[in-house]
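One structure is given below, encoded as structure tokens.
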Amino acid sequence: MKERFHVLDAFRGIFSFIVVFYHMREMNSSLFIQNNFVAHGYLFVDFFFVLSGFVIAYNYDNRLTNYTQLTSFLNKRFFRLFPLHIAVLLLFVGYVFFRQVIGNPATEGFDLNTFFTTLFLVNSIKFPDITAASWNMPSWSISAEMISYLAFGLLLTLTGKMRSYKTIMYLFVIAMAVVAMQLSGGSFLISYNNGFIRGMIGFFCGALTFKIFEMIKARPTVLQATILEAITLFAVIYFIIMTAFFSLFIIFYELLFMTTILVFSFEKGFVSKAILSLRIFKRLGSISYSVYMNHFLIIVGVDIFTKKFSMQSQWIDSGIVILLACIVYFVSGWTYKNIEMRFAKGVRANAPKTVLNFTNRS
């Protein structure tokens with residue numbers, strides 16, 4: 001089995017910056033970000049869910065057979081995600097305090113209730129009297145990921161001898177999650193209230209994609225892979241731009257991302273080769289989680305100082321976009337090395353040898 005899906009990692013890094021640009025749109029008029037592709041960039045959060053389900057199933061689909069392994073799995077996932085989450089949340093506390101000091105308080109949603117739901121990563125669940133995502137807003141999707149990990153781990157551990165029916169079980173979970181989303185009144189495309197359901201739909205679609213990947217015996221030729229990659233990449237760009245026409249089909253974008261992940265998982269075509277030839281894409285893949293977790297604080301923090309200049313000139317706004325992207329990139333490189341990897345190495349060093357073989361890709 002392959003050690004890592006480098007092209008899919010690169011896509012995660014590229015798409016994480018699309019999400020960064022999406023969150024800049026309300027405070028910046030640059031044509032770099034004021035376009036239909038970036039305007040629908042929130043959809044790539046669903047790509048992250050599907051990709052996460054794919055790589056977790058790739059690593060653990062046949063390795064979660066008892067509660068000891070389940071505990072090790074959840075422990076690894078917790079320490080992979082939680083340290084950076086806590087670090088950024090504490091910085092948000094400093095940001096809110098600073099806003100208070102300068103007489104421009106941050107008000108909407110910044111209260112103790114939302115602080116604790118964010119702290120304990122249950123902020124993808126709709127609680128009474130909580131109507132807005134706050135603090136580090138992107139962390140709702142990390143909450144959804146953790147809930148999906150728990151559901152996935154419990155499903156495999158509890159089903160035991162029924163493991164040969166995993167494809168059916170994954171389909172069943174997806175169907176139940178779609179029904180639950182409809183009953184909750186949430187929208188697949190925009191919901192962070194009860195976003196854990198949206199996360200589970202994507203995650204188990206990713207796990208299902210792995211089962212399809214596993215069943216494919218004949219790998220595509222270079223020519224076949226190149227054609228499929230080109231068509232798939234065009235389809236992603238086109239259907240992201242044309243979201244308004246397809247948003248009523250709740251599962252459409254899940255199928256699009258499942259296809260994308262399946263096609264590029266083989267890394268055989270010229271598009272894959274081009275991506276693999278550029279070191280920057282590998283770097284973006286490595287730091288993608290840090291980019292995703294850091295960017296919102298950087299955007300709102302820098303906006304305090306650039307607000308008087310923005311929304312007045314295309315040149316200035318484009319410069320601010322580039323500046324913010326560079327800050328996010330370099331800060332994320334630092335947090336990846338000093339927070340993400342430091343804790344991940346600590347977990348690996350203390351893990352049983354049977355767990356050390358589990359490759360961490362998400």
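Residue 25: in contact (Cβ under 8 Å) with a residue 60 or more places away in the chain and out of contact with any His (no Cβ under 7 Å at 6 or more places or on another chain), yes or no? No; evaluated as a whole, the condition is false for this residue.
Out of the range 66-92, which residues are farther than 27 Å from residue 301 by Cβ and among the small types (Gly, Ala, Ser)? Result: 72, single match. I need every pair where a residue in the range 285-305 that is touching a residue at least 12 places away in the same chain (Cβ under 8 Å) and under 16 Å from residue 135 (Cβ atoms) has its Cβ under 6 Å from the Cβ of a residue that is of a type in the set (Ser, Thr, Tyr) and buried (at least 21 other Cβ atoms within 10 Å of the Cβ), sequence separation at least 6 or different chains. Matching pairs, first to second residue: 292/16; 294/332. With respect to residue 111, is the statement that it is of a type in the set (Asp, Glu) and surrounded by 13 or more Cβ atoms within 10 Å (Cβ to Cβ) true? Answer is yes for this residue. The set of residues in the range 263-280 that are surrounded by 19 or more Cβ atoms within 10 Å (Cβ to Cβ) and either part of a helix (DSSP H, G or I) or touching a Gly at 6+ places or on another chain (Cβ under 7 Å) (or both) comprises 263, 264, 271, 272, 275. Every condition in (1) buried (at least 17 other Cβ atoms within 10 Å of the Cβ); (2) at pLDDT 95 or above is met by residue 227 except one, and the failing one is (1). For the range 305-323, the condition holds for no residue, the condition being that it is assigned to a helix (DSSP H, G or I) and within 30 Å of residue 201 (Cβ to Cβ).
Residues checked against (1) part of a helix (DSSP H, G or I); (2) hydroxyl-bearing (Ser, Thr, Tyr):
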| residue | (1), (2) |
| --- | --- |
| 62 | no, no |
| 73 | yes, no |
| 80 | yes, no |
| 84 | yes, no |
| 87 | yes, no |
| 95 | yes, yes |
| 110 | no, no |
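The values are calculated or read from the model by the stated rules, or taken from the named source; none is laboratory data. Here the structure is a predicted model, which means the values were calculated and not measured. Note that each Cβ is placed from the backbone with ideal geometry, even for glycine, and that neighbours are counted across all protein chains shown.
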